[in-house]
Structure formats: structure tokens, C-alpha cells
Amino acid sequence: MPDQGTLEIRNVFKRFEVAGRTVEALSGIDLSVAPGEFVSVVGASGCGKSTLLRLIVGLDRDYDGEILLDGRRLAGPTLDRAIVFQEHRLFPWLRVEDNVALGLLKSALPAPEKRKLVREHLELVGLSAFAGAYPAQLSGGMSQRVAIARALVNRPDILLLDEPFGALDALTRAYLQAELRRIVRSEGITAVLVTHDVEEAIFLGDRIVVMHPRPGRIAEILPVDAASGQDRASTSFAHLRETVLTGLGAGHPALPGRLAA
Amino acid sequence: MSAVTIIPPAGEAAATTEPKRRWNGLILPAVLILLWEGASQSGLVDDRLLPSLGTVAGRGWSELADGRLAVDIASSLARDVSGFAIGSALGIPVGLALGLSRTLDRFVGPTFNAAKQIAVFAWIPLISVWFGVGEAAKIAFIALAAFTPVVVNTWAGARSVPRTLGEVADVLALSRWQRLTRLEIPSALPSIFVGLQLGLIYSWLATVGAEYFMTIGPGIGGLMTEGREHFHMDLVILGVLLLGGIGLGLNKLAALMETSALRWKRY
Amino acid sequence: MTNLDLDRVAFEAAVAERYRLSGRRFGARAGAGVAKRAGTIAAALIFPASLFLVWQVASLFDLVPAQILPDPRLVLATFREFYDTGDLAFHARISLLRVLQGFALGAGAGLLLGIAMGLSRRVREFVEPLFLALAQVPALGWIPLVMLLVGIDEALKVIIIAKAALIPVTINTSRGILNVPRSYREVGEVLTFGRWQTLTRILAPASVPTVFTGIRYGLTNAWLALVAVELLASSEGLGYLMVWGRQLFQLDLVIMAMIVVGVIGFLLDWSLGLVERRLQRWEAAGS
């Protein structure tokens with residue numbers, strides 16, 4: 001459906017100064033994401049996958065290379081890119097509906113229109129009944145759903161997800177993965193998910209980007225055909241999982257490096 | 001100097017007091033009052049030093065009847081509230097500015113921290129030279145006493161706005177004003193209330209001090225000074241009771257305001 | 001740091017850069033640290049230096065009457081005179097002695113009372129309400145009463161100062177003990193600790209930070225109360241110097257005494273702050 005949401009990452013490098021030494025967090029990242037595509041990025045801790053997300057969303061602007069959204073170079077956060085963090089990061093002093101409405105603060109829409117959007121998105125994540133609750137009254141899974149509504153309410157071109165279900169229990173996680181797939185499909189939105197959960201990556205992604213650490217780089221990119229991604233119990237799913245795990249293992253030494261002296 | 005007496009919340013053990021046992025708290029005061037009354041009635045102690053309860057109550061009643069007591073209480077309260085209002089109205093913006101601006105924090109913060117080391121009563125001689133010994137000087141002093149804790153706590157609250165939430169504001173591209181009203185002020189609010197409560201305690205202390213040192217005009221401090229000069233112990237004890245009672249009332253009021261403003265913290 | 005999580009480092013580095021925090025956590029080199037420190041100190045001095053300059057210029061050109069704000073050089077000269085004659089040391093010593101006596105008394109009693117209230121539910125039930133009620137009366141409020149009972153000599157000052165220190169020490173001590181997390185006590189139960197072991201191995205170390213915070217507030221309060229009683233009733237001490245200067249309209253003396261009060265107050269608080277940081281080292285390491 002959308003003609004917008006083409007993400008181009010060209011030859012991106014990112015370096016940090018740690019204890020007086022330079023560490024290469026990302027090295028020559030090349031990736032393009034088509035409109036409406038769902039890309040999962042998997043990798044062990046320290047492969048720079050979250051760093052990549054922070055560059056795309058614009059929280060970190062200090063890198064070499066090019067990151068283009070619909071052909072425009074990005075300069076700082078704008079509302080066409082939304083992110084869901086691992087922690088829900090809701091404002092504890094705002095009710096659920098006001099937290100979602102935060103995403104529309106910068107929007108020029110008239111107030112009734114905004115209210116309607118907030119209502120629709122709460123419905124989308126199944127939390128209409130909790131519009132007036134404070135974040136502290138919600139469970140972890142519910143909070144994360146509010147965070148997803150907050151990210152989507154402004155109808156961004158691209159949705160970035162930084163281990164969004166990493167802090168949830170297994171049952172809630174499986175439920176929310178299904179929910180997320182339903183939501184993203186129905187909105188037809190472009191999405192990039194960062195995770196270390198291989199099954200999650202296969203279940204949600206159209207393509208899987210496997211990253212290796214030190215320096216953070218793309219090892220391989222695997223397509224997920226629609227049939228095998230649907231059913232976790234299928235042999236094709238299991239086969240793909242083995243492939244990804246092997247891909248991760250090859251660049252993943254048994255003992256994580258000895259960067260810190 | 002800001003002596004910040006934050007009372008830590010009572011823990012789980014304290015919260016388990018059964019209602020019936022609460023009455024135990026009245027036993028000790030009752031015993032003390034009985035001893036006091038007995039000593040005073042029996043003449044064991046000079047009743048000029050320890051007037052009986054009846055005498056104190058009688059003094060309270062006669063002061064109330066001729067309208068003087070009401071004037072004293074009203075004057076002290078009016079002074080306290082005006083000074084507190086001025087002090088906190090200045091203190092909150094100053095604290096926010098120090099907490100949110102890295103530049104101000106670096107350039108003005110240390111000076112403020114140095115100046116607050118001067119025990120607040122040490123300002124009285126200077127303030128009485130600058131403002132005289134009338135109402136203006138008293139209110140200026142009370143405002144100063146409230147100002148310091150309000151600034152200190154607002155400052156601390158504003159500088160510890162969670163960075164993770166700051167990033168949410170970045171990602172949502174909030175304007176400076178939206179950031180201030182949706183994120184920074186609400187996030188600092190619990191700290192600001194701690195500051196206001198302390199400010200209230202300090203301004204009440206300063207009200208008493210101002211009335212001792214700058215003795216023109218009615219007030220509870222004046223009443224007690226008079227009681228001391230004429231050796232009217234009943235008047236002095238009446239003053240002590242009033243100071244405690246009103247201080248308690250003001251604190252309860254502040255706590256009430258805090259709970260209603262910080263509803264989101266209740267869950 | 002055995003397992004360096006690059007994402008986490010990346011996150012923190014990015015955050016630190018965006019909020020321009022000091023790089024000390026990330027192991028900035030010592031030389032850079034010294035330069036940064038010097039910069040911080042320089043920045044801190046600019047504002048007071050310019051205030052001082054305005055004050056000096058205003059005095060030079062008689063923009064403010066000397067009865068309102070004396071020439072800073074006069075304040076300095078007064079300081080030198082009081083310093084050379086030993087008068088300053090005399091008055092400061094008296095004030096310090098008073099505050100230490102009152103503080104020792106008040107904090108000692110506060111510790112005992114606080115421990116009793118923290119450990120024994122019965123003591124807490126019987127004593128705490130009365131204690132909290134009496135704590136509502138500002139320290140100054142007791143002055144006329146104590147004056148009538150013990151006169152205006154040293155006893156008055158020590159009692160008022162002790163009362164000022166007593167309240168925060170008692171409250172923090174009892175709350176510090178009460179707020180030791182139940183989970184810690186349960187560890188003790190599982191390890192079948194006796195009363196003494198529970199006290200020395202669990203309750204005491206876990207409550208020390210809160211208790212010490214109370215002690216620090218107590219000292220600050222004691223210094224505050226000292227200035228107040230000396231202003232009201234004294235013929236020696238720093239507070240008296242201020243009253244005296246005020247009566248003679250010698251504002252240079254008043255301001256000098258104020259500064260000395262501030263410096264001593266700072267040093268008292270700072271020295272306890274040093275001890276406090278040592279006591280709470282394990283807290284910083286955990287966060």
C-alpha cells in the first residue's frame with residue numbers, strides 16, 4: 001500500500017572512544033529496506049544492532065556513511081520514524097491516552113481528529129478499556145502495547161523496534177509477537193526489528209539480517225518465505241532457525257572478546 | 001544553610017500497627033500530664049515555673065476572649081504564608097533553570113551552594129539593616145528561608161529527569177515548551193513538593209525567628225517574648241502549643257496537596 | 001567489565017555526548033580530568049567574581065551608601081584586624097564548642113532513642129506519637145520556655161542546640177532500622193542468625209546510610225540553632241559579633257561574621273560528607 005518508507009543504509013561506520021581506545025561498533029553496513037517490508041536484525045550482544053537503530057531514528061548523528069529515508073538524508077529525529085524501546089518508556093504522570101497523544105503533540109491536526117486517532121490506535125492494540133489508567137497500573141505487556149500505539153499514532157513511514165519484547169515473559173512475548181504481526185500487516189508499515197530471539201526474527205521478518213560483532217557487520221541476509229514464517233511448528237521454520245543459528249555461531253566465539261582490560 | 005530534614009517514609013514494619021495499639025501512643029502523654037498536674041496542684045513545684053493545665057487553658061481563654069490571640073495567630077500566619085509564597089514563587093523557576101541549563105548549573109550553581117551554607121538566621125542583622133524591622137523585613141527573611149530548600153530540591157528534581165524519557169521526547173520531536181510542561185516539570189514534581197514541604201517547615205521556623213528578633217507588631221513570637229519578660233509561664237506554654245499545632249496543620253495541608261497533585265504515584 | 005556489551009557502551013557514550021556529561025565513567029585520561037576540573041572551578045568562580053566586581057565598583061563610586069553595603073576592602077580589613085588580634089579565633093572557638101557540646105548531647109540521645117524506637121515495637125508505639133508531636137514545635141519555639149527554666153547561660157544554648165540535632169537523628173535512626181528490607185531479614189532467618197548477629201550483620205550495616213544522613217542533618221540543624229541562640233542571648237560567639245556589629249551599624253563586621261558562619265558551616269557539613277561517602281561506598285558500587 002504505501003509508496004513511502006524506503007530506507008537506504010549505505011556504507012555506514014560508527015566508532016566510539018572507550019577508555020581512550022577507538023572501538024568500531026559498525027563497519028561498512030549496507031542495507032536497503034523496501035516500503036512495507038519487515039526486516040529483522042539478529043546478532044549477539046555487542047554486534048551493534050541497537051546502535052544501528054539509534055542511528056536510523058536519529059538519536060545519534062555522529063557516523064560515517066549515509067542513511068536515507070525516501071532519498072532524503074536524515075538529520076535528527078522526525079515524526080516519520082517511530083521507535084519502540086525495550087523498556088516501554090511511558091511517562092508515568094500521564095494517563096494511557098495522554099501517553100499515546102504525546103506522539104501527536106507536534107501534529108497540525110485539529111483536536112477532534114487527534115482524539116479520534118488516539119482512540120483508534122488504542123483500539124488497534126486492544127487497550128480501549130484502559131485509556132484512563134496510569135502506566136503503573138498496567139502489566140509489562142500492556143505497557144509495551146501502549147508504547148506501540150504511541151509509536152504508530154502519528155502514522156510514521158517506518159517503525160523501529162529495539163528488542164521490544166525482551167523484558168517480557170515467554171507467554172506474553174508470543175502473544176505480543178502475533179499482535180505486532182497483525183498490526184504491522186494491517187497498517188502496511190515498513191519496520192526494522194532488532195532482537196536476539198531468532199524465532200521472533202523469523203516469525204515477524206520478511207528478511208533476516210544476521211550481524212557479527214567486533215566490528216559490528218552484516219554477515220548474511222536470509223529471506224523468509226511467507227509459508228515457513230507463519231508456522232513455528234513447521235519443518236521449514238525449524239530449518240531456517242538452524243540456518244540462522246549457524247550463521248550466528250560462525251562469527252560468535254565461545255568466549256566474548258576481551259575488549260575490556 | 002539548608003538543613004534538610006526529609007523524614008523517610010515508614011517502612012512495612014511501621015505500617016503494620018494495629019488500630020487498637022494506636023491508643024498506646026496516648027498513654028505516655030497522659031502520664032506526663034498527670035504528673036505535671038499533680039506536681040503543680042500539690043505545690044511541689046513553684047507554679048510560676050509549672051503552671052497547672054487549668055491556668056494555661058484559662059490564659060488561652062482570656063487571650064482569646066479579648067481578641068488578642070486571634071490577632072497574633074492571624075498576623076503570624078499571614079506573614080508565614082506571604083513569605084513562603086514569595087520564596088517558593090522565586091525558588092521554583094530558579095531551581096528549574098539551574099537544573100535544566102547546564103550553563104547556569106556550572107556558572108551560578110556553585111555560588112548558590114556556597115551562599116546556602118550561611119545559616120539562615122545569620123541574614124537577620126543584614127536584612128534588618130536593609131529592610132528595617134517592620135513587616136517587609138520579616139517577610140523578606142521568611143521568603144529567604146523558604147527559597148533555599150525549594151531551590152535545592154527543584155534543582156535536584158530537574159537535573160534527574162530520566163534520560164530514557166528525554167530520548168522519547170527527542171524521538172517525538174517535542175518543542176522546548178512541550179518538553180518542559182510534559183516531561184521536565186512533571187518529572188521534577190515529586191522533588192519540588194519535597195522542597196515546598198521543607199520550605200513550609202523552614203518558613204514557620206523563620207516566622208518565629210523573625211518575630212523574636214524584629215519585635216514590632218503582633219504575632220505568636222511576640223506573645224511568647226512578652227510572656228518571658230513578665231515571667232508568665234502560662235503564656236509561654238500557650239505559645240509553644242500554638243507553634244506546634246499550627247506547624248502540624250501546615251504540614252498536613254502540604255502533604256494533602258502533594259497527594260492530590262501526584263495521583264499517578266499512588267499506584 | 002568482563003563481558004563488554006558494545007550496545008550498552010554505545011548507548012551510554014551517545015547519551016553522555018548528547019548530555020555533555022563528564023567522561024570520567026568512561027575512563028578519561030588523568031590529564032584531561034585535571035583540565036576539566038580546572039575548567040569547572042574557573043566557571044564556578046566567574047559569577048561570584050563578577051558579583052564582587054559590581055560590589056567593589058558600586059562602593060568606589062558611592063552608588064550604594066556604606067550603611068547599606070560597606071566597601072569590600074573594609075570587610076577585608078575588619079577580617080584582618082579580628083584575625084590578628086585573635087578575637088575571631090576567640091569567638092569562633094566559643095561557637096564551635098557550643099555546637100559540638102549540644103550536637104554530641106542531641107545526637108547521642110537521638111541515636112539511643114532512634115535505636116530503641118527502631119528495634120522495639122513497644123517503644124515505638126508508646127513514645128513515637130509524643131516525640132513527633134514535640135518535634136512539630138520549631139527549635140526556636142522552645143527558647144522562651146527554656147529561658148524561664150534555666151536562664152540565659154550556657155545551659156540554654158546547649159539545650160536548644162541539642163534539641164535541634166535530636167530530631168533528625170532520632171527519626172532517621174528509627175526509620176533507617178525499620179526500612180531495612182524484609183528480604184534481608186529473611187536471609188538472616190534462613191541462616192539462623194541470632195538476635196546479636198541479626199543486629200550486627202544485617203540491621204546495622206543496612207541502616208547506616210540513613211542513620212548517617214540523619215546525623216549530617218543534625219549537625220546542620222545544630223549550627224543553625226547555634227546562630228539563632230547567639231543572636232538572641234549571648235555575649236560571646238559569632239552570633240553575638242553580628243548583633244554587636246548591627247548595633248554599632250558596622251556592617252563590615254556583620255558581613256565578615258556571616259562569611260565566617262558560612263565557611264564553618266560548610267566545613268562541618270563537608271567533613272561529615274566525606275565520612276558519609278566512605279560509609280556508602282558499597283551503595284555506589286551496586287548502582
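Looking only at region C:80-136, count every residue that is within 12 Å of another protein chain (Cβ to nearest Cβ) and over 13 Å from C:Ala222 (Cβ atoms) and tell me the total.
Final tally of qualifying residues: 21.
Would you confirm whether or not region C:77-84 contains a residue that is in the same structural domain as C:Thr210 (by TED's automatic domain parsing), within 22 Å of B:Ile127 (Cα to Cα) and among the aromatic types (Phe, Trp, Tyr)? Full working, then the answer.
Residues of region C:77-84 that are in the same structural domain as C:Thr210 (by TED's automatic domain parsing), as a first pass: C:77-84.
Applying the additional criterion that residues be within 22 Å of B:Ile127 (Cα to Cα) yields C:78-79.
From what's left, among the aromatic types (Phe, Trp, Tyr): C:79.
Yes, because at least one residue in region C:77-84 is in the same structural domain as C:Thr210 (by TED's automatic domain parsing), within 22 Å of B:Ile127 (Cα to Cα) and among the aromatic types (Phe, Trp, Tyr).
Only residues that are buried (at least 20 other Cβ atoms within 10 Å of the Cβ) and farther than 23 Å from A:Leu52 by Cα: list them for region A:199-254, please.
Passing the criteria: A:Gly229, A:Leu240.
For B:Ile185, are the conditions met, namely being β-branched (Val, Ile, Thr), farther than 30 Å from A:Val96 by Cα, touching a residue at least 24 places away in the same chain (Cβ under 8 Å) and part of a helix (DSSP H, G or I)?
Numbers: β-branched (Val, Ile, Thr): yes; farther than 30 Å from A:Val96 by Cα: no; touching a residue at least 24 places away in the same chain (Cβ under 8 Å): yes; part of a helix (DSSP H, G or I): yes.
For B:Ile185, the condition - β-branched (Val, Ile, Thr), farther than 30 Å from A:Val96 by Cα, touching a residue at least 24 places away in the same chain (Cβ under 8 Å) and part of a helix (DSSP H, G or I) - is not met.
Pick out the one residue from C:Leu105, C:Leu97 that is closer than 14 Å to C:Leu268 by Cβ and either assigned to a helix (DSSP H, G or I) or of a type in the set (Asp, Glu) (or both). Spell out the reasoning first.
Working: C:Leu105 fails: closer than 14 Å to C:Leu268 by Cβ.
It is C:Leu97.
Among the numbered criteria (1) within 9 Å of chain C (Cβ to nearest Cβ); (2) out of contact with any helix residue (DSSP H, G or I) (no Cβ under 6 Å at 6 or more places or on another chain); (3) of a type outside the set (Asp, Glu); (4) free of Cβ contacts under 8 Å to residues at least 60 places away in the same chain, which single criterion is violated by B:Arg228?
The one condition B:Arg228 does not meet is (2).
Residues are listed down the side, and each one gets a yes or a no for (1) farther than 23 Å from B:Arg48 by Cβ; (2) more than 18 Å from the chain's Cα centre (by Cα); (3) hydrophobic (A, V, I, L, M, F, W, C):
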{"site": "C:Met147", "(1), (2), (3)": "no, yes, yes"}
{"site": "C:Gly151", "(1), (2), (3)": "no, yes, no"}
{"site": "C:Ala155", "(1), (2), (3)": "no, yes, yes"}
{"site": "C:Ile159", "(1), (2), (3)": "no, yes, yes"}
{"site": "C:Leu166", "(1), (2), (3)": "yes, no, yes"}
{"site": "C:Thr170", "(1), (2), (3)": "yes, no, no"}
{"site": "C:Thr173", "(1), (2), (3)": "yes, no, no"}
{"site": "C:Arg185", "(1), (2), (3)": "yes, yes, no"}
{"site": "C:Gly188", "(1), (2), (3)": "yes, yes, no"}
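Inside region A:195-235, can you point out the residues that are within 18 Å of A:Ala34 (Cβ to Cβ), among the aliphatic types (A, V, I, L, M) and either outside any helix (DSSP H, G or I) or modelled with pLDDT under 90 (or both)?
Here is the first cut: in region A:195-235, the ones within 18 Å of A:Ala34 (Cβ to Cβ) are A:201, A:204-209, A:218, A:221-226, A:229.
If we keep only those that are among the aliphatic types (A, V, I, L, M) as well, we get A:201, A:204, A:208-209, A:218, A:221-222, A:224, A:226.
Correct list: A:Ile208, A:Val209, A:Ile218, A:Ile221, A:Leu222, A:Val224, A:Ala226.
Could you pull out the residue among A:Ala129, A:Ala147 that is without any contact (Cβ under 8 Å) to a residue 12 or more places away in the chain and either on the phi < 0 side of the Ramachandran plot or not in a helix (DSSP H, G or I) (or both)?
On the way: A:Ala147 fails: without any contact (Cβ under 8 Å) to a residue 12 or more places away in the chain.
Result of the check over A:Ala129, A:Ala147: A:Ala129.
Give me the residue from region A:86-114 that is of a type in the set (Gly, Ala, Ser) and within 17 Å of A:Arg145 (Cα to Cα) and, out of that set, nearest to the other protein chains (Cβ to nearest Cβ). Lay out the reasoning, then the answer.
The initial filter retains those residues of region A:86-114 that are of a type in the set (Gly, Ala, Ser), namely A:101, A:103, A:107-108, A:111.
Going one step further and asking which of them are within 17 Å of A:Arg145 (Cα to Cα), we end up with A:101, A:103.
Details: A:Ala101: 10, A:Gly103: 6 Å.
So, considering only residues that are of a type in the set (Gly, Ala, Ser) and within 17 Å of A:Arg145 (Cα to Cα), the one nearest to the other protein chains (Cβ to nearest Cβ) is A:Gly103.
Just give me the residues in region C:217-246 being more than 8 Å from chain B (Cβ to nearest Cβ) and either surrounded by fewer than 21 Cβ atoms within 10 Å (Cβ to Cβ) or among the small types (Gly, Ala, Ser) (or both), in sequence order.
The answer is C:Gly218, C:Ala222, C:Ala225, C:Ala233, C:Ser234, C:Ser235, C:Glu236, C:Gly237, C:Tyr240, C:Trp244.
Right, A:Ile148: touching a strand residue (DSSP E or B) at 6+ places or on another chain (Cβ under 8 Å), of a type in the set (Val, Ile, Thr), crowded, with 21+ Cβ neighbours inside 10 Å and more than 25 Å from A:Gly216 (Cβ to Cβ) or not? Don't jump to the end; show me each part of the working.
Working: touching a strand residue (DSSP E or B) at 6+ places or on another chain (Cβ under 8 Å): yes; of a type in the set (Val, Ile, Thr): yes; crowded, with 21+ Cβ neighbours inside 10 Å: yes; more than 25 Å from A:Gly216 (Cβ to Cβ): yes.
Here the answer is yes, as A:Ile148 does meet what is asked.
Failed condition for C:Tyr83, given (1) modelled with pLDDT of 90 or more; (2) within 30 Å of B:Gly166 (Cα to Cα), with all others met?
(2)
When you go through A:Ser50, A:Ser27, A:Ser40 one by one, which is the residue that is farther than 19 Å from B:Val171 by Cβ and either touching an Asp or Glu at 6+ places or on another chain (Cβ under 8 Å) or aromatic (Phe, Trp, Tyr) (or both)? Break it down into steps so the answer makes sense when it comes.
Numbers: A:Ser50 fails: farther than 19 Å from B:Val171 by Cβ; A:Ser27 fails: either touching an Asp or Glu at 6+ places or on another chain (Cβ under 8 Å) or aromatic (Phe, Trp, Tyr) (or both).
Selected residue: A:Ser40, the only one of A:Ser50, A:Ser27, A:Ser40 that is farther than 19 Å from B:Val171 by Cβ and either touching an Asp or Glu at 6+ places or on another chain (Cβ under 8 Å) or aromatic (Phe, Trp, Tyr) (or both).
For residues in region A:1-36 being in a loop (DSSP other than H, G, I, E, B) and crowded, with 18+ Cβ neighbours inside 10 Å, which is farthest from the other protein chains (Cβ to nearest Cβ)? Steps first, answer last, please.
The first filter runs over region A:1-36 and keeps only residues in a loop (DSSP other than H, G, I, E, B), leaving A:1-6, A:19-20, A:34-36.
Pick out the ones that are also crowded, with 18+ Cβ neighbours inside 10 Å and you get A:5-6, A:36.
On the way: A:Gly5: 17, A:Thr6: 20, A:Gly36: 22 Å.
Step by step, filter region A:1-36, then rank; the result is A:Gly36.
Specify which of the listed residues (C:Phe193, C:Phe249, C:Phe212) is at pLDDT below 90 and more than 8 Å from every other protein chain (Cβ to nearest Cβ).
Values: C:Phe249 fails: more than 8 Å from every other protein chain (Cβ to nearest Cβ); C:Phe212 fails: at pLDDT below 90.
One residue alone meets the criteria, C:Phe193.
Restricting to region B:27-70, give me the number of residues that are assigned to a helix (DSSP H, G or I) and closer than 30 Å to B:Gly217 by Cα.
The first filter runs over region B:27-70 and keeps only residues assigned to a helix (DSSP H, G or I), leaving B:27-42, B:53-65, B:68-70.
Checking the rest, the ones that are also closer than 30 Å to B:Gly217 by Cα come to B:53-65, B:68-70.
Number satisfying all stated conditions: 16.
Here are B:Ala97, B:Ala156, B:Ala115: which of them is surrounded by fewer than 20 Cβ atoms within 10 Å (Cβ to Cβ), closer than 25 Å to C:Gly262 by Cβ and in contact with a Ser or Thr (Cβ under 6 Å, 6 or more places away or on another chain)?
Details: B:Ala97 fails: in contact with a Ser or Thr (Cβ under 6 Å, 6 or more places away or on another chain); B:Ala115 fails: in contact with a Ser or Thr (Cβ under 6 Å, 6 or more places away or on another chain).
Exactly one residue qualifies, and that residue is B:Ala156.
Condition test on C:Ile167, is it assigned by TED's automatic domain parsing to the domain that holds C:Gln280, in contact with a helix residue (DSSP H, G or I) (Cβ under 9 Å, 6 or more places away or on another chain) and surrounded by 18 or more Cβ atoms within 10 Å (Cβ to Cβ)?
Working: assigned by TED's automatic domain parsing to the domain that holds C:Gln280: yes; in contact with a helix residue (DSSP H, G or I) (Cβ under 9 Å, 6 or more places away or on another chain): yes; surrounded by 18 or more Cβ atoms within 10 Å (Cβ to Cβ): yes.
Criteria met by C:Ile167.
Select from region B:250-267 the residues that are in a helix (DSSP H, G or I) and facing another protein chain (nearest Cβ under 9 Å) and write down the one among them that is surrounded by the fewest Cβ atoms within 10 Å (Cβ to Cβ).
We begin by selecting, within region B:250-267, every residue in a helix (DSSP H, G or I); these are B:250-261, B:263-265.
Next, from what is left, pick out any that are facing another protein chain (nearest Cβ under 9 Å): B:251, B:263-265.
Working: B:Asn251: 16, B:Arg263: 11, B:Trp264: 17, B:Lys265: 14.
Filtering first and then ranking leaves B:Arg263.
Output the number of residues of region C:50-72 satisfying the condition of being in a helix (DSSP H, G or I) and either basic (Lys, Arg) or under 17 Å from C:Ile255 (Cα atoms) (or both).
Applying the first criterion (in a helix (DSSP H, G or I)) to region C:50-72 yields C:50-60, C:72.
If we keep only those that are either basic (Lys, Arg) or under 17 Å from C:Ile255 (Cα atoms) (or both) as well, we get C:51-56, C:58-59, C:72.
Counting residues in region C:50-72 that are in a helix (DSSP H, G or I) and either basic (Lys, Arg) or under 17 Å from C:Ile255 (Cα atoms) (or both) gives 9.
Just name the residue that is surrounded by the fewest Cβ atoms within 10 Å (Cβ to Cβ) out of those in region C:49-68 that are within 13 Å of chain B (Cβ to nearest Cβ) and either modelled with pLDDT under 85 or farther than 20 Å from B:Trp130 by Cβ (or both).
Filtering first and then ranking leaves C:Pro65.
Please verify whether B:Val236 is more than 9 Å from chain C (Cβ to nearest Cβ), in contact with a Gly (Cβ under 9 Å, 6 or more places away or on another chain) and either buried (at least 20 other Cβ atoms within 10 Å of the Cβ) or in contact (Cβ under 8 Å) with a residue 12 or more places away in the chain (or both), treating the condition exactly as stated.
Numbers: more than 9 Å from chain C (Cβ to nearest Cβ): no; in contact with a Gly (Cβ under 9 Å, 6 or more places away or on another chain): yes; either buried (at least 20 other Cβ atoms within 10 Å of the Cβ) or in contact (Cβ under 8 Å) with a residue 12 or more places away in the chain (or both): yes.
No.
Which of the residues that make up region C:84-93 are surrounded by fewer than 19 Cβ atoms within 10 Å (Cβ to Cβ) and in contact (Cβ under 8 Å) with a residue 60 or more places away in the chain? Lay out the reasoning, then the answer.
Keep residues of region C:84-93 that are surrounded by fewer than 19 Cβ atoms within 10 Å (Cβ to Cβ), which gives C:84-87, C:89-90, C:93.
Scanning region C:84-93 gives a single hit, C:Phe90.
Given the options B:Thr181, B:Thr207, B:Thr225, name the one that is of a type outside the set (A, V, I, L, M, F, W, C), modelled with pLDDT of 85 or more and crowded, with 24+ Cβ neighbours inside 10 Å. Write out each step before concluding.
Values: B:Thr181 fails: crowded, with 24+ Cβ neighbours inside 10 Å; B:Thr225 fails: crowded, with 24+ Cβ neighbours inside 10 Å.
It is B:Thr207.
Out of region B:103-138, which residues are free of Cβ contacts under 8 Å to residues at least 24 places away in the same chain, facing chain C (nearest Cβ under 9 Å) and within 21 Å of C:Ala233 (Cα to Cα)?
Listed by number, the residues that qualify are B:Ala122, B:Trp123, B:Pro125, B:Leu126, B:Val129.
Mind listing just one residue for me: the one in region A:64-85 that is within 14 Å of chain C (Cβ to nearest Cβ) and at pLDDT 90 or above and, of those, surrounded by the fewest Cβ atoms within 10 Å (Cβ to Cβ)?
Within region A:64-85, the first condition is being within 14 Å of chain C (Cβ to nearest Cβ), and the residues that meet it are A:76-77, A:83, A:85.
Imposing the further condition that a residue be at pLDDT 90 or above reduces the set to A:83, A:85.
Values: A:Ile83: 26, A:Phe85: 23.
Selected residue: A:Phe85.
The values are calculated or read from the model by the stated rules, or taken from the named source; none is laboratory data. Everything numeric here is computed off the predicted structure, so don't read it as measured data. Methodologically, a virtual Cβ is constructed for each residue, glycine included, from the backbone with ideal geometry; neighbour enumeration extends over all protein chains shown.
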